Amino acid sequence: MLNTAKKYFFPSLITFLMLLSCTRSPLPQAEAGNTEENNLSNSIVGYWKSDALVVMIDTIHNSETSVVLNVTKDEWVEKTNLQPIQTIFNKNKTYVSAYASADGKIIRMTAGKWEAGKNQLRIHQLFPSDKQMNYRIDLNDGFAELRSRMDFDGDGKSDDVFYCQMKKVS
């Protein structure tokens, strides 16, 4: 009897392991943390295009002049000489943005990591330079609205108000 058991042990074990590997895996446990944050993280994943932009530049280049840049989707190319910015947010919390000229040639790319919290989107750009950006984000009906105070004009002061609306493409 022992010889018979030895004879069928390995084939039975292999059959059992094959059956076990074919069964449906258990559902993953719910992630710890705020459900709203998890929803935001899941909702931001995908392909987005800039749809509108408003930047209020206070004291442009440290002068006494202030400027408001207001761009709608219909006048994007005309006012910026660029196509709408395209951004892909990946599930692994990386992103890439492409900036294309009016004729569609990619002229600049940025890439890095992103993290979402309650109504917050933190972007850590790693390419072409190391830069941290923080936005308030609101998602609604396939659109994302990003707001921040930043140094848009490069004068060394985070005194410019930035608003961008993006539309989810897929």
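The values are calculated or read from the model by the stated rules, or taken from the named source; none is laboratory data. Model, not experiment: these values are computed from the prediction. Note that each Cβ is placed from the backbone with ideal geometry, even for glycine, and that neighbours are counted across all protein chains shown.
Odds and ends about this structure:
- Residue check, Lys168 over 20 Å from Ala52 (Cα atoms), in contact with a strand residue (DSSP E or B) (Cβ under 6 Å, 6 or more places away or on another chain) and surrounded by 13 or more Cβ atoms within 10 Å (Cβ to Cβ): no
- Pairing each residue of the range 101-122 that is more than 17 Å from Asn38 (Cβ to Cβ) with any residue that is basic (Lys, Arg) and part of a loop (DSSP other than H, G, I, E, B), provided the two are 6+ apart or on different chains, yields C-beta distances under 7 Å for Lys113/Lys93.
- Filtering Tyr135, Tyr47 for residues that are surrounded by 15 or more Cβ atoms within 10 Å (Cβ to Cβ), in a strand (DSSP E or B), modelled with pLDDT of 95 or more and touching a Lys or Arg at 6+ places or on another chain (Cβ under 8 Å) leaves a single hit, Tyr135.
- The one condition from (1) free of Cβ contacts under 8 Å to residues at least 40 places away in the same chain; (2) of a type outside the set (A, V, I, L, M, F, W, C); (3) surrounded by 15 or more Cβ atoms within 10 Å (Cβ to Cβ); (4) in a strand (DSSP E or B) that Pro84 does not meet is (4).
- Condition met for Lys105 (at pLDDT 95 or above, on the phi < 0 side of the Ramachandran plot and exposed (fewer than 15 other Cβ atoms within 10 Å of the Cβ)): yes
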